[in-house]
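The values are calculated or read from the model by the stated rules, or taken from the named source; none is laboratory data. Remember, predicted model here, so these are calculated numbers, not experimental data. Here the Cβ positions follow ideal geometry from the backbone for every residue, glycine too, while neighbour counts run over all protein chains shown.
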Amino acid sequence: MKRWSVWRVLLICLLGQMTGAFSQEPSESEVDQNQIIFPAIVGTADMELLLPMHLSVSPQVKIGQITMEMTFPSPQLAFVRVELVYQAEKVGAQVSLEEIEPGKVHVTIAVPEDGKEALSGEGIASLVFRVAEEIEPMPLNVVMENIEMKSLNGQPLEVLQESEAVIHIVSPELYPLISCFFFMH
């Protein structure tokens, strides 16, 4: 008879949830809505994590600026910086940050006022966080709210819906197994 350890059961549950989230097809109403999309990511204590940020917008939308308020669990996560992806750097996009309070940052990503090219709808930036040194394995949520967009000529565009990212913090013993699973698939 095989004995299942608690760690094996937790690993199987976590992997099942994560593969299920990646395999779900969006409904037609979700595809039509403008939204920020984040993948679920996995990390351990005292680790720097990159959380990729993508926009799902209709092709005719030409974004010149996007602003949002990012809320995250402050003692468990420390916000480090925003890294623009190549497509955003290519159009001259700039990032401005303002800390509203611990655990809440106002982020603006914009092309120059005289910019001719819009932000790409695919990838825009990666949010970089530092996980606390001593933290129990748990899921942590990063929420984007009060999201606003402007076109290249400065006109307000349809407001995006609130978006949420989940960062799964696991024990250091499980992290190599999870990384290996995603590398192999």
What residue, among those in region 137-166 that are in a strand (DSSP E or B) and among the acidic types (Asp, Glu), is nearest to residue 114 (Cα to Cα)?
148
Residue under question is residue 52, and the condition is that it be surrounded by 14 or more Cβ atoms within 10 Å (Cβ to Cβ), under 30 Å from residue 136 (Cβ atoms) and at pLDDT 90 or above; does it hold?
yes
How many residues does region 85-136 contain that are charged (D, E, K, R) and not in a strand (DSSP E or B)?
10
Name the residues in region 155-185 that are more than 21 Å from the chain's Cα centre (by Cα) and either crowded, with 16+ Cβ neighbours inside 10 Å or modelled with pLDDT of 80 or more (or both), would you?
155, 156, 157, 171, 174
Could you tell me whether region 116-127 includes any residue that is basic (Lys, Arg) and more than 19 Å from residue 50 (Cβ to Cβ)?
yes
